[in-house]
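The values are calculated or read from the model by the stated rules, or taken from the named source; none is laboratory data. Keep in mind that what you see is a predicted model, and the values were worked out from it rather than measured. Cβ coordinates were reconstructed from backbone atoms using ideal geometry, including for glycine residues, and neighbour counts include every protein chain displayed. Areas reflect the complete protein model, heavy atoms only, side chains present, ligands, DNA and RNA absent. Shrake-Rupley method; radii C 1.70, N 1.55, O 1.52, S 1.80 Å.
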Amino acid sequence: MSAASVERHHGDRPLIAEANRLMERNPGYRVEIIGGLILVSPPPDVAHARALARLTRPFTAAGIDGSETEVLQGVGLWLPSGSEDYAVPDLVVVDADIEEHFVGNNCYEPVAFRLVLEVTSTNWKADLQTKVAAYADANVPVYVVVDRKHQRLHVLTDPEGNTYATHRVHAPGELVALPDSLGAKVTLDVAEILDAGQAKRTP
């Protein structure tokens, strides 16, 4: 999704209170706090939603969405990078006991997340830079980015500090096997996912 940064206003209002106020005033928008900045993203387009719908299928087919894990959308991930930082990935694979890891503000501890996934819109730089550092710092084992702008699928694994030691880029035509740490063998068809993420407007 496209994102705009909002600088913190001086005063007594906590940053999270400001973020929640923005959500109330802009229904359907996604609001996150990363690195002490509020990021506001408008509602996704149909192609973005279609790509997410396609993405859930291989996870479900592999049995990921079962008794030990769940595949969910729009779940808040509490980030260790700041006292009020949190992100809301497009799709996540989490442990089934995630509700035991509740922190606050509809966010959960990173330890419950096995994978986070983002589908880009005009914010591809944030997904491939800002969020790489945020998710690695949170020690999320697997980060997947569906880069609709450059027609690539990125799979990042092995978090080390504020980066991932392994970053593989995949093109249409490839079948990508995700790490076994998810709990089952999940294979993504890059062409199918990227095609789903393209707007199908009539001329």
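Against the conditions (1) open to solvent by less than 10 Å² (accessible area, probe 1.4 Å); (2) under 14 Å from the mean Cα position of the chain (by Cα), Asp85 satisfies every one except (2). Residues that are assigned to a strand (DSSP E or B) and of a type in the set (A, V, I, L, M, F, W, C) were ranked within the range 32-72; the one that is surrounded by the fewest Cβ atoms within 10 Å (Cβ to Cβ) is Leu72. The sole residue among Val146, Val111, Val116 that is closer than 24 Å to Gly76 by Cβ, at pLDDT 95 or above and open to solvent by 70 Å² or more (accessible area, probe 1.4 Å) is Val111.
Among the residues of the range 126-149, the ones that are under 13 Å from Thr166 (Cβ atoms) and either in a helix (DSSP H, G or I) or touching a helix residue (DSSP H, G or I) at 6+ places or on another chain (Cβ under 6 Å) (or both) come to 4 in all. Take Gln129 and tell me if it is on the phi > 0 side of the Ramachandran plot and of a type outside the set (Ser, Thr, Tyr). Spelling it out, it is not the case that Gln129 is on the phi > 0 side of the Ramachandran plot and of a type outside the set (Ser, Thr, Tyr).
Quick check on Lys185: is it open to solvent by 70 Å² or more (accessible area, probe 1.4 Å), charged (D, E, K, R) and within 19 Å of Ala61 (Cα to Cα)? Taking the combined requirement at face value, the residue satisfies it.
Yes or no: Asp95 among the acidic types (Asp, Glu), over 24 Å from Asp180 (Cβ atoms) and either modelled with pLDDT of 95 or more or open to solvent by less than 40 Å² (accessible area, probe 1.4 Å) (or both)? Spelling it out, it is not the case that Asp95 is among the acidic types (Asp, Glu), over 24 Å from Asp180 (Cβ atoms) and either modelled with pLDDT of 95 or more or open to solvent by less than 40 Å² (accessible area, probe 1.4 Å) (or both). Residues that are open to solvent by 10 Å² or more (accessible area, probe 1.4 Å), among the aromatic types (Phe, Trp, Tyr), in contact with a strand residue (DSSP E or B) (Cβ under 9 Å, 6 or more places away or on another chain) and free of Cβ contacts under 8 Å to residues at least 60 places away in the same chain: does the range 125-143 have at least one? No, the range 125-143 contains no residue that is open to solvent by 10 Å² or more (accessible area, probe 1.4 Å), among the aromatic types (Phe, Trp, Tyr), in contact with a strand residue (DSSP E or B) (Cβ under 9 Å, 6 or more places away or on another chain) and free of Cβ contacts under 8 Å to residues at least 60 places away in the same chain.
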